[in-house]
Amino acid sequence: MSDAPNTPGAPGASSSPEPSPGASPEPSSAPSPGTGHHGFLKVLGRGDVLALAFGAMIGFGWIVLTGDFIDAAGSVGAALAFVLGGVVIALVGLTYAELVAAMPRAGGEHHYALRALGPRGAFTASWAMVLGYISVVAFEAVAVPQTVGYLVPEAMEAGHLWTVAGYDVSAAQVAVGVLAAVVMTGVNYVGIRPAGVFQTIAVLFLLAAGAAMVAGAAVGGSAATMEPLFTGGVSGVFVVLVAVPFLFVGFDVIPQSASEIRLPFRQVGRLLVVSVGCAAAWYVMIMLTSGAALGPEELTASDLASADAMAALWDSAAMGNVLVVGGLAGLLTSWNAFLIGGSRLLYAMAESRMVPAWFGRLHPRYRTPGNALLFIGALSVLAPLFGRPMLVWLVDAGGVNIVIAYIVVAVCFLVLRRREPGMERPFRTPAGPAVGAAALVLSVGLLALYLPGMPAALVWPWEWAIVGAWWIAGLAMMARLPKVAPGEGAEERLIAEIERRSRRG
């Protein structure tokens with residue numbers, strides 16, 4: 001862990017935070033001198049922040065979905081889609097970078113939208129992003145047994161339970177996924193420090209596996225194998241592009257954990273943008289090296305295409321297993337980061353009284369939002385029961401909600417630039433209005449790709465059912481929020497109005 005100092009006089013750096021709603025009143029719950037806003041421990045340094053965001057964006061999708069991407073767009077077409085997607089996400093990231101430096105509080109976009117748009121805008125952004133985070137965590141819980149099954153296939157087939165959408169679900173798969181969910185939730189429950197150390201170690205292993213993939217392509221790859229370089233035309237690129245929000249989601253974990261970062265806020269904004277560039281480079285590398293190893297048909301037929309590509313590049317099954325373990329490291333880094341991000345966002349919503357106060361209780365010893373972590377962990381325990389089809393459903397259902405949150409953040413960026421030009425902005429995005437407008441337009445374009453009739457429309461009924469059920473519940477809660485004007489102090493006014501209504505009721 002880095003021991004970088006707090007920024008003197010920075011917002012949210014007070015050592016005497018206010019108690020969170022529902023927090024335990026015992027003396028043991030009082031924050032220590034090293035705590036940040038509302039009692040979170042400020043322990044994350046530069047390397048921790050970069051590892052957190054990069055590891056979150058890498059995840060495991062590059063292992064299981066590479067074959068589908070190359071089949072849809074070709075090796076170079078898929079790489080191009082990730083370049084385009086990286087540009088879109090970088091523009092969105094620049095809006096986040098300015099906002100997180102100006103409002104460094106746990107919950108990220110929740111606070112940006114409260115100030116710019118008011119409670120309903122904040123609820124829309126937060127509720128959408130919570131589903132995005134939960135979908136990633138659940139995705140990882142399903143992907144872990146899939147990964148282990150590559151290493152020990154026969155063991156993972158034991159104890160057939162049922163079939164979902166044509167895929168068999170076994171007791172062994174469920175057991176491994178549930179055990180992994182319990183362990184990952186437990187690591188995060190006991191503190192941000194062990195979670196951060198775990199993240200850094202896993203990212204280093206992931207990078208080593210990536211270096212082996214590049215070296216293998218240099219000695220065993222073939223340009224001829226990459227052909228056709230483009231397939232499916234523009235529609236093929238769109239099929240890959242629609243997965244970009246899901247695969248790149250993760251840089252926004254930095255704003256969620258802002259209350260736990262020990263860095264000048266200007267540096268936090270810069271690291272956010274750098275992390276997006278690193279992730280884009282990683283995905284482009286995977287598309288090109290995998291395409292140089294195996295043809296589209298072989299990659300599509302593989303359950304773990306990147307791993308089989310690695311084995312082919314080195315002519316060694318053992319090297320394929322090395323990449324699988326690297327993929328497992330990426331899976332765990334993503335899982336770890338989104339448990340951090342999702343729990344902090346639920347905590348922020350609870351502080352604003354948008355969700356039950358139970359989610360806003362900070363553990364008196366570990367200084368983590370323990371109840372929010374347990375809630376997300378419980379959902380991840382359920383995901384393995386649905387088997388491999390859940391992977392695709394979660395990519396799309398989570399992706400569309402992530403894009404909704406990005407749209408709201410871009411709007412917040414533009415609104416605050418116009419309404420509050422004098423706001424203190426330690427990191428100021430160059431050509432801010434142009435960047436914000438581009439981020440908004442491109443994010444709306446990404447959202448359109450999920451609509452009926454588009455190449456990557458949500459699948460009926462499963463994906464629409466996930467999105468629909470989530471928003472039916474969300475709209476019911478949003479309807480109960482009082483009308484409060486946006487601006488500085490919007491959260492305090494919202495809380496006061498909700499408490500006034502409660503007393504009257």
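The values are calculated or read from the model by the stated rules, or taken from the named source; none is laboratory data. As the structure is a prediction and not an experimental result, all values here were calculated from the model. Quick reminder, even Gly has a Cβ in these numbers, built from the backbone with ideal geometry, and neighbours come from all protein chains shown. The protein model used for the area step is the full one, side chains on, heavy atoms only, and it has no ligands, DNA or RNA in it. Shrake-Rupley method; radii C 1.70, N 1.55, O 1.52, S 1.80 Å.
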> Over the range 284-412, with a single point scatterer placed on each C-alpha, what log10 of the ratio I(q)/I(0) does the Debye formula yield at q = 0.16 1/Å?
Replying inline: -0.99
> Projected onto the charge dipole of the chain (+1 at Lys/Arg Cβ, -1 at Asp/Glu Cβ, origin at the Cα centre), which of Phe139, Ala292, Thr429 gives the Cα projection farthest towards the positive end?
Replying inline: Thr429
> Can you list the HN-Hα couplings for the range 260-276, worked out from phi with the Karplus curve (6.51, -1.76, 1.60; θ = phi - 60°), rounded to whole Hz and with x for Gly and Pro?
Replying inline: 10, 9, 9, 8, x, 5, 4, 5, 4, x, 5, 4, 4, 5, 4, 4, 5
> Say each of Val83 and Val459 gets a label point 7 Å from the Cα, pointing the same way as Cα to Cβ; how far apart are those two points in nm?
Replying inline: 3.1
> Relative to the first principal axis of the alpha-carbon coordinates of the chain, what is the inclination of helix 490-504, with its axis defined by its Cα atoms, in degrees from 0 to 90 and to the nearest 10?
Replying inline: 70
>> How many angstrom lie between the Cα centre of the range 442-470 and the Cα centre of the range 320-351?
In response: 24
> What is the helix-to-structure angle for 46-58, meaning the angle in degrees between its Cα long axis and the longest Cα principal axis of the chain, kept from 0 to 90 and rounded to the nearest 10?
Replying inline: 50
>> Give me the one-decimal Kirkwood hydrodynamic radius in Å for the range 65-197, with the sum taken over alpha-carbon pairs.
In response: 18.6
> Roughly how tilted is helix 171-189, in degrees to the nearest 10 and between 0 and 90, from the longest Cα axis of the chain?
Replying inline: 40
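Could you work out [θ]222 nm for the chain from helices alone, using -39500 (n - 2.57) per DSSP H run of at least four and dividing by all its residues? Round to the nearest 500 deg cm²/dmol.
-22000 deg cm²/dmol
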> For the chain, with the dipole built from +1 on Lys and Arg beta-carbon atoms and -1 on Asp and Glu ones, taken about the Cα centre, which of Ile404, Asn336, Ala223 lies farthest toward the positive end?
Replying inline: Ile404
> Any idea which of Val176, Trp162, Leu207 is furthest toward the positive side of the dipole for the range 70-212, if Lys and Arg beta-carbons carry +1 and Asp and Glu beta-carbons -1?
Replying inline: Leu207
> Cα-Cα pairs above 22 Å in the range 342-452: how many percent?
Replying inline: 57
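Tally up the carbon and sulfur contribution to the accessible surface of the chain as a whole percent, 1.4 Å probe, everything protein left in place.
Carbon and sulfur together cover 67 percent of it.
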> What distance in nm separates the simple spin-label points at Arg504 and Leu451, each placed 7 Å from Cα in the Cβ direction?
Replying inline: 3.9
> Near the amide H of Leu161, under 5 Å away, which other amide H atoms are found, from residues 5 or more places off or on another chain, if H is placed in the peptide plane?
Replying inline: Val169, Ser170, Ala171
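Given N residues in the range 291-363, what is Rg(Cα) / (2.2 N^0.38 Å)?
Its radius of gyration relative to the 2.2 N^0.38 Å reference: 1.80.
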> Over the range 63-117, how many percent of alpha carbon pairs lie in each 5 Å bin up to the one with the longest distance?
Replying inline: 5, 17, 17, 14, 10, 10, 11, 12, 4
